[in-house]
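S.K.: Below you'll find the structure I mean.
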Amino acid sequence: MLKNILLVVLIFPITFVAALRDSSKTDSFDQHGVLPLTSEEVSQYLRQAQDNLLQSVDALLSIPDHQKTSENILRRWNHLNSELLGNFSVLTFLTQTEFPSKGYAAQAIAELQAFIFKVLVQNGKLSHFLMTCSKEMILQDTSLTPYERHEIQHLLDSYENIKDRLTKEEQRTISQLKEINAKHDSNPFIYLESATPSKATLQDNTPKQLTILTLNTCFVPGNFPYLYGGVIQPWQKRVLPLAKKILETHADVICLQEVHEEEASLALYEALKNEYTYFYGAMGPRVLGFSLNTLGRPSGLFVASKYPIENPQFTRFAETGFPMNYGFFDFTITDGTTALGHIYTTHMQSLNWDQFAQIRALQLEQILEKMHEDLDRTIPFFLCGDLNIPYGSKEPAEALVCKHFHNDYNKDQSEINKNNRTCTDYFTNWFFSSTKDPESIDPNFQIIDYALLLRSLPFSPETLVCQEYDIKTVLVPMNDLSKPESAVSDHHALLTTIQPKHL
């Protein structure tokens with residue numbers, strides 16, 4: 001089982017790996033003192049990770065009875081999950097480089113996997129503790145939120161992986177708890193509502209147009225945003241300037257990606273709550289269970305809206321991988337009484353290798369299948385997000401985009417440059433450059449973010465899809481190549497206006 005756990009951990013473009021190889025020739029690479037660059041440092045890093053895991057487990061098992069609240073237990077358990085992901089991220093990052101520690105990092109990954117399996121998966125005391133806590137939460141805590149119930153259900157499901165070590169009575173208890181918990185509402189996302197009146201309360205609340213903003217925020221966990229996108233500041237220091245740029249667009253609906261931590265969703269809520277009413281975040285499964293295959297982050301999707309949202313659903317992709325539970329979130333936007341449109345937002349599989357291009361095609365096909373299930377011929381259907389489909393790549397997913405969607409932003413793009421790119425590796429390569437010479441840094445400009453209006457479905461004649469609307473999409477800059485230290489994200493945003501054709 002262990003050999004299948006970390007098939008894919010971190011995704012890096014080829015140009016980024018090349019930059020790492022160049023940077024390995026200098027002594028200035030690890031500017032933040034985070035990465036272990038020698039065999040001794042890797043060994044020390046591994047020991048520290050193991051010690052931290054033991055301390056976290058001991059702290060969890062030592063929680064006094066009066067502090068065994070659902071919030072306290074789940075927060076500590078999820079924090080442990082986040083720490084382990086950080087460890088694997090750093091070690092796997094090193095295996096993508098040519099540093100002397102590369103081979104030691106690969107060995108450390110295997111040792112850490114085995115250690116986690118022993119300390120977590122095979123720990124009878126821990127499994128009994130969490131079973132007892134789950135029982136108390138389900139039977140006694142009437143304040144459990146739908147999101148907390150989803151987390152508990154996800155944890156209970158994972159006991160299936162260790163059922164051969166459970167007594168018959170424990171197996172019956174798990175089954176009973178799952179049955180009781182399943183009778184309550186359970187959502188794989190948090191929902192927040194601000195005191196700001198929604199646009200549905202206005203006297204003339206039926207809009208002639210709807211504006212939607214999509215943006216990959218690079219709000220990756222921990223202190224490693226520069227490993228993913230070359231963005232130097234952690235998300236905690238970027239949330240306010242990013243929110244300011246969002247507010248300046250006055251978009252009706254905001255669809256964000258890479259908002260992985262619940263704390264990041266809450267911080268965005270605080271920054272946007274005076275302008276937006278309805279918020280959804282922390283989407284997708286994130287609870288570590290009794291299998292290393294459960295180790296992973298939520299999807300990172302986040303939505304804020306000025307208009308009411310109906311029938312919100314998160315769907316995990318059938319084809320997804322560690323460390324992120326890729327999926328899509330869809331909902332109907334309304335003026336309080338009438339549907340205005342159906343929106344789908346997603347973050348699809350990264351990496352430009354053939355096997356991952358095929359996964360993207362399967363993921364997009366899954367979204368199209370859901371669109372077919374939801375089809376309403378009277379309203380526009382809209383898809384946005386970081387689809388990770390390189391514009392001009394001619395990969396299978398791009399063929400699906402061209403065939404079934406209207407792509408206003410890309411319709412006139414003949415080439416990708418610094419003015420129309422939605423993403424760049426410039427900041428990553430700049431960060432790891434020893435000279436910081438702009439002329440020597442490969443920017444690798446890309447268009448991988450999309451705002452798409454559904455025009456047809458592969459399952460129905462084109463006439464079955466609403467054709468009465470059109471879109472206009474513009475770029476909203478979120479960074480400046482001349483100021484890499486102040487980039488709020490490595491992506492730009494796309495702002496789309498949907499309106500009836502006759503206007």
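What follows is calculated from the coordinates using simple rules that are stated; it is not laboratory data. This is a predicted model, so every value here is computed, not measured. No Cβ is skipped: glycine too gets one built from the backbone with ideal geometry, and neighbour counts run over all protein chains shown.
S.K.: Provide the packing ranking of 109-118, 292-301, 154-163, i.e. peptides ordered by the mean count of other C-beta atoms within 10 Å per residue, highest first.
M.R.: Details: 109-118: 16.4, 292-301: 23.4, 154-163: 18.1.
My ranking of the peptides, most packed first, is 292-301, 154-163, 109-118.
S.K.: Determine, for each peptide in 487-495, 330-338, the mean count of other beta carbons within 10 angstrom over its residues, then list the peptides with the highest first. Display every interim value, and only then the final one.
M.R.: Details: 487-495: 24.1, 330-338: 17.9.
In descending order of packing, they fall as 487-495, 330-338.
S.K.: Convex hull volume of the Cα atoms in region 34-184, per residue, in Å³?
M.R.: Details: hull volume 17.9 nm³, N = 151.
In region 34-184, the Cα hull volume divided by residue count equals 119 Å³.
S.K.: Next question. Taking amide hydrogens as modeled 1.01 Å from N in the peptide plane, which residues meet the under 5 Å criterion relative to ARG297, leaving out close sequence neighbours?
M.R.: Correct list: MET324, ASN325.
S.K.: Put +1 on the Cβ of every Lys and Arg and -1 on every Asp and Glu Cβ in region 190-500; which of GLY336, LEU213, THR428 then has its Cα farthest towards the positive end of the dipole?
M.R.: THR428
S.K.: In addition: Packing-wise, with mean Cβ within 10 Å as the measure, how do 269-276, 81-88 rank, highest first? Present the calculation step by step, with values, prior to reporting the outcome.
M.R.: Values: 269-276: 17.2, 81-88: 20.4.
Highest to lowest by the protection proxy: 81-88, 269-276.
S.K.: Using every alpha carbon pair in region 147-208, what percent of pairs falls into each 10 Å bin from 0 up to the bin containing the largest distance?
M.R.: Spelled out bin by bin, region 147-208 gives 18, 30, 19, 14, 11, 7, 1 percent.
S.K.: Then there is this: What does the charge count near ILE232 come to, summing +1 for each Lys or Arg and -1 for each Asp or Glu among other residues with Cβ under 13 Å from its Cβ? Walk me through the numbers on the way to the answer.
M.R.: Working: positive: LYS237, ARG238, LYS436, LYS483; negative: GLU485, ASP490.
For residues surrounding ILE232, the net value is +2.
S.K.: Sticking with this structure for a sec: With 25 Å as the limit, write out which pairs from LYS273/LYS418; LYS418/LYS472; LYS68/LYS273; LYS244/LYS370 have Cα-Cα distances beyond it, or answer none. Walk me through the numbers on the way to the answer.
M.R.: Working: LYS273/LYS418 33 Å; LYS418/LYS472 21 Å; LYS68/LYS273 31 Å; LYS244/LYS370 34 Å.
Violating the 25 Å limit, Cα to Cα: LYS273/LYS418; LYS68/LYS273; LYS244/LYS370.
S.K.: For region 325-364, list residues with backbone N below 20 Å from a point placed 7 Å from the Cα of CYS402 toward its Cβ?
M.R.: 352-364
S.K.: For the chain, take every pair of Cα atoms, bin their distances at 20 Å starting from 0, and report each bin as a whole percent.
M.R.: Answer for the chain: a P(r) of 22, 55, 23, 1 percent.
S.K.: Under the rule of at least 5 residues apart or a separate chain, name every residue whose amide H is placed under 5 Å from the amide H of ASN216.
M.R.: Here the answer is GLN257, since their amide H atoms fall under 5 Å of that of ASN216.
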